[in-house]
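The values are calculated or read from the model by the stated rules, or taken from the named source; none is laboratory data. Small disclaimer: the values here were computed from a predicted structure and weren't measured. Glycine gets a Cβ as well: all are built from the backbone with ideal geometry, and neighbour counts include every protein chain shown. Note: accessible area is taken over every heavy atom of the protein model, side chains too, but ligands, DNA and RNA are not part of it. Shrake-Rupley method; radii C 1.70, N 1.55, O 1.52, S 1.80 Å.
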Amino acid sequence: MDAMTTTTVTDTDTDADTGARTGAEASGDPAAGAEAVAAVEALLLVDLQQAFVVGDEAVPDAARMLGRGRELLARARAAGALVVHLQNDGAPGTVDEPHTPGWELHLPVEPGPREVVVRKTVDDGFDGTPLGTLLAEAGVGALAVCGVLSEMCVAATARTALDRGLRVVLPHDAHATYDIPAAPGISGVVPAAMSSRAAEWALGDEVEIIARAADVTFACATSHPDSHPDSHPDSHPGR
């Protein structure tokens, strides 16, 4: 996953766009995002790595998205839900090349049986990783997803989770991406917020899109996953 240059983010935490589609929005109810959301047993934090969330190449509004991620992480841990930090291994020379500063996870990991790091090399967090097995062994039937990039790793991972029969909750204010550059004869610049909105909409009717990460609730995973060679419960503590 390659980063695009954009403006430096600040630490100002802003409110997210509340125009996210929710399951109840089929009736046109504008308050649908405030309805109760059934609990999930796992949280997937997708590619919250230094290169994408801090500095000159961070996604726009990274501070807001990170704030939501921290809140989700704290509640998931408190509930005993399974927490999976997905970490992308970029190609040599890219901003997320393994063991470079940009590759490091931004949010600290608390290693243990219910919190692991899963490294990946493609957008889909299930492809070539033990993620599916970890979720199954923990008895996870529903999960929440947050992170970057909305139309790439977040969408690819969420789509595969849906294909595997998992219930997926995607908080609108907890994922982000970059502006899409102008393309002569096609379009001007597409703002990041519009790209993120289109990405979640493209996931279809099965995904549960909610306006606020604050409305996600967690339940304890019924068991904890066994250790797998491609998961790293005791490495990459983040910053």
| Exposure ranking of Met65, Met152 by accessible area [1.4 Å probe, largest first] | Met152, Met65
| query | So if we plug the beta-carbon distance of Met194 and Ser223 into 1/(1 + (r/R0)^6) with R0 = 41 Å, what FRET efficiency do we get, rounded to 0.05? | reply | 0.50
| Centroid-to-centroid separation of the range 179-197 and the range 61-126 [C-alpha atoms, Å] | 27 Å
| said: Using a 7 Å offset from the Cα along the Cα-to-Cβ direction at both Asp215 and Ile186, what is the distance between the two label points in nm, to one decimal? | reply: 3.3 nm
| remark: Descending packing, highest mean Cβ count within 10 Å first, for 209-216, 184-191 is 209-216, 184-191
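Glu206 to Ala74: extension gain in nm, 0.36 nm per residue of separation minus the Cα-Cα distance?
That pair, Glu206 and Ala74, stretches by 44.9 nm at full extension.
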| request: Any chance you could look up the accessible area of Cys220 with a 1.4 Å probe, heavy atoms only, rounded to 10 Å²? | output: 70 Å²
| task | When a/c is below 1.5 the answer is rounded, else prolate if a/b is larger than b/c, else oblate, so apply that to the range 78-226 with a ≥ b ≥ c taken from the square roots of the Cα gyration tensor eigenvalues. | result | oblate
